[in-house]
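Here's the structure, in structure tokens; my notes come after.
The values are calculated or read from the model by the stated rules, or taken from the named source; none is laboratory data. What you are looking at is a predicted structure, and each value in this text was computed from that prediction instead of being measured. Don't worry about glycine lacking a Cβ; one is built from the backbone with ideal geometry, like all the others, and counts go over all protein chains shown.
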Amino acid sequence: MKEMNTPVGFLVVLAKEIKGESPETQPNNRYRYSGVGRVPALPTDYQEEEDAMWDYVCNPDVKDETNLIPSLDKAEELHKRLSQGRRKFEIVFCCQGPDSGDLRRIESRKIEPLGYDVVTISACYWSLVEVFCRSDWATTLKARLNEFGLFNNRRDAEQYLEGYRSHGEPDSDADFDVVYVVRILTEK
């Protein structure tokens, strides 16, 4: 398996609003998925988001070469701009894991650990966990997803990626990484 360099940084993503749902009552992982694949697309159907989304996607001052927002300040500024509209957004942070020194970037903010995602971030925000493989080999791994639709430990996420590649699933040669995702809780 090729060596991964875990991308580190922030994203502003569409917030999940699941009221009273538990993993047992959700028929598909996609409905509880809380990972990287929630970055909104451009063009947007929401006029009030247009300028902020254009900056998010096209302005090199917003994201770095990893396609992530490098600082919490920039993520909060973008979050504020996007939140002026009808949709709800939240900030997530991606890093190596819960013991990563990169978590210092969050300062003293409260966070909610979500789990591990298997994603390609460098060109787009596509998650293999969000669109979980339907092949028989993946069934036992899908059962390991947590209440956020992500893996609780890195090894399960790596095992899923290894299986996806070894079984020659669609786009298995894409540049995927395993990232640990935490939600930044906002003060309200």
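So here's what we get for this one:
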item: Conditions (1) touching a residue at least 24 places away in the same chain (Cβ under 8 Å); (2) assigned to a loop (DSSP other than H, G, I, E, B); (3) in contact with a Phe, Trp or Tyr (Cβ under 8 Å, 6 or more places away or on another chain); number of the one not met by residue 186; result: (3)
item: The listed residue being within 30 Å of residue 45 (Cβ to Cβ), in contact with a Lys or Arg (Cβ under 6 Å, 6 or more places away or on another chain), surrounded by 15 or more Cβ atoms within 10 Å (Cβ to Cβ) and modelled with pLDDT of 95 or more, out of 115, 149; result: 149
item: Flag if residue 17 is at pLDDT below 95, farther than 15 Å from residue 75 by Cα, part of a helix (DSSP H, G or I) and acidic (Asp, Glu); result: no
item: Top-ranked residue of region 92-112 - restricted to ones that are modelled with pLDDT of 90 or more and in contact with a Pro (Cβ under 9 Å, 6 or more places away or on another chain), ranked as surrounded by the fewest Cβ atoms within 10 Å (Cβ to Cβ); result: 98
item: Residue in region 154-167 that is in a loop (DSSP other than H, G, I, E, B) and either surrounded by fewer than 15 Cβ atoms within 10 Å (Cβ to Cβ) or at pLDDT below 95 (or both) present; result: yes
item: Test: residue in region 114-135 that is within 24 Å of residue 72 (Cα to Cα), part of a loop (DSSP other than H, G, I, E, B) and in contact with a helix residue (DSSP H, G or I) (Cβ under 6 Å, 6 or more places away or on another chain); result: yes
item: The one condition in (1) within 21 Å of residue 120 (Cα to Cα); (2) in contact with a helix residue (DSSP H, G or I) (Cβ under 9 Å, 6 or more places away or on another chain) that residue 44 fails to fulfil; result: (1)
item: Close pairs from region 137-163: first in contact (Cβ under 8 Å) with a residue 60 or more places away in the chain and closer than 18 Å to residue 114 by Cα, partner part of a loop (DSSP other than H, G, I, E, B) and acidic (Asp, Glu), Cβ under 7 Å, at least 6 apart; result: none
item: Residue match in region 134-146 (condition: within 20 Å of residue 15 (Cα to Cα) and surrounded by 15 or more Cβ atoms within 10 Å (Cβ to Cβ)); result: yes
item: Given (1) modelled with pLDDT of 95 or more; (2) not in a helix (DSSP H, G or I), number of the condition residue 74 does not satisfy; result: (2)
item: Filtered residues of region 51-94 (kept if without any contact (Cβ under 8 Å) to a residue 40 or more places away in the chain, over 18 Å from residue 41 (Cβ atoms) and among the acidic types (Asp, Glu)); result: 61, 65, 73, 76, 77
item: So residue 85, is it part of a strand (DSSP E or B), of a type outside the set (A, V, I, L, M, F, W, C) and either at pLDDT below 95 or closer than 22 Å to residue 67 by Cα (or both); result: no
